Amino acid sequence: MKLPQHIAIIMDGNGRWARKRGLPRTAGHKAGMESVKEIVETCNELGVKVLTLYAFSTENWKRPKKEIRLLMDYLKDFLAKYSNEFNKKNIKLNAIGQLEKLPQSARNRLISTIEMTKGNQGLILNLALSYGGRAEIIEAVKKLVKDVQDKKFSPEQIDENIFSSYLHTGGLPDPDLLIRTSGEMRISNFLLWQISYSELYITNKLWPDFRQGDLVKAINEYSQRKRRFGG
Ligand code: FPP
């Protein structure tokens with residue numbers, strides 16, 4: 001089986017999962033954390049290098065305050081509960097997005113887990129938090145322009161590799177496989193630059209129902225695709 005080096009996932013459908021059961025949306029997020037745990041461990045066991053999870057978008061700040069607060073609490077609880085276990089399993093945590101916008105307590109927990117796991121060589125678990133692809137590109141352009149003004153580069157030297165290195169994902173390979181759960185056919189401002197040649201896999205499964213077997217199915221389908229990169 002041809003294994004993707006980098007899998008990126010738009011974890012959608014928590015709200016619908018909860019509604020189907022007559023529960024509040026936040027119960028869907030809570031159930032979704034179980035899928036996160038299972039998918040992280042499966043990727044690590046399979047030998048996937050990077051797993052990027054879209055956990056909170058720049059647009060998600062428009063949700064009700066209470067839902068945002070609970071999501072941030074869940075993130076904090078998730079890290080508190082599993083960081084030691086992930087560390088023992090050699091998983092390295094990374095985060096992309098406007099992390100300065102996260103509540104202090106969640107950010108502290110995130111930073112301390114990143115610090116604790118920074119020497120690990122297993123799966124890189126890359127959490128996209130307060131992340132937006134367009135905002136990331138604008139931020140990269142601003143830094144690049146500054147470096148050009150400071151004469152670190154001439155404009156002629158800028159190429160795709162240099163530009164990529166200014167994104168939050170600098171140093172990581174582009175996703176080979178992009179998975180979206182719960183059937184919507186859109187990208188939702190996720191990794192706009194990085195997914196130019198990613199294989200797309202969209203499943204109707206809602207995120208809390210997306211488990212190990214579903215991931216293996218997605219990887220199996222990926223391994224049968226012929227990637228031509230436009231050639
Ligand atoms: C989309 O479902 C999901 C989110 C906005 C948040 C994803 C968060 C988690 C899976 C849990 C916390 C994450 C970590 C990393 C611990 P939705 O609410 O948009 O669902 P809907 O489209 O059915 O309403």
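The simple Förster model, with R0 at 45 Å and r as the Cβ-Cβ distance, assigns residue 1 and residue 115 a FRET efficiency of 0.85. Shape class for segment 113-210, computed from the alpha carbon gyration tensor (a ≥ b ≥ c): prolate, with a/c not under 1.5 and a/b above b/c. Basic side chains Lys and Arg get +1 at the Cβ, acidic Asp and Glu get -1 at the Cβ, and with that the dipole of the chain about its Cα centre reaches some 700 debye.
Overall form of segment 1-146: rounded. Here a/c, set by the Cα gyration tensor axes a ≥ b ≥ c, is under 1.5. When the label point is put 7 Å from the Cα of residue 45 along its Cα-to-beta-carbon vector, which residues of segment 189-211 have a backbone N closer than 18 Å? Of the residues in segment 189-211, 209-211 have backbone N under 18 Å from the label point off residue 45. Ranking 213, 138, 103 by how far each Cα lies toward the positive end of the dipole of the chain (charges on Cβ) leaves 103 at the top. Residues within the reach of a label modelled at residue 134 (point 7 angstrom out along Cα to beta-carbon, backbone nitrogen below 16 Å), restricted to segment 31-57, are 57. Between 204, 161, 120, where does the largest GNM mean-square fluctuation fall for the chain, given springs only between Cα atoms within less than 10 Å? With Cα springs under 10 Å in the chain, the top fluctuation among 204, 161, 120 is at 161. Determine the shape class of segment 115-170: with a ≥ b ≥ c the square roots of the Cα gyration tensor eigenvalues, call it rounded for a/c under 1.5, and otherwise prolate if a/b is greater than b/c, oblate otherwise. Prolate, since a/c reaches 1.5 and a/b exceeds b/c. With springs only between Cα atoms under 10 Å, which of 174, 159, 73 fluctuates most in a Gaussian network model of the chain? Checking each option, the largest mean-square fluctuation is seen for 159. Were the residues from residue 89 through residue 163 laid out at 0.36 nm apart, the gain over their Cα-Cα distance would be 23.3 nm. For the cross-link pairs 81/205; 20/217; 30/88; 88/118; 118/152; 2/217, which exceed 19 Å when the distance is taken from alpha carbon to alpha carbon? Exceeds cut-off: 81/205; 20/217; 30/88; 118/152.
Every number in this text was worked out from the coordinates using simple rules, so none of it is lab data. Fair warning: this is a prediction, and the values are worked out from it, not measured in the lab. Here Cβ is always computed from backbone atoms with ideal geometry, including for glycine, and neighbour counts include all displayed protein chains.
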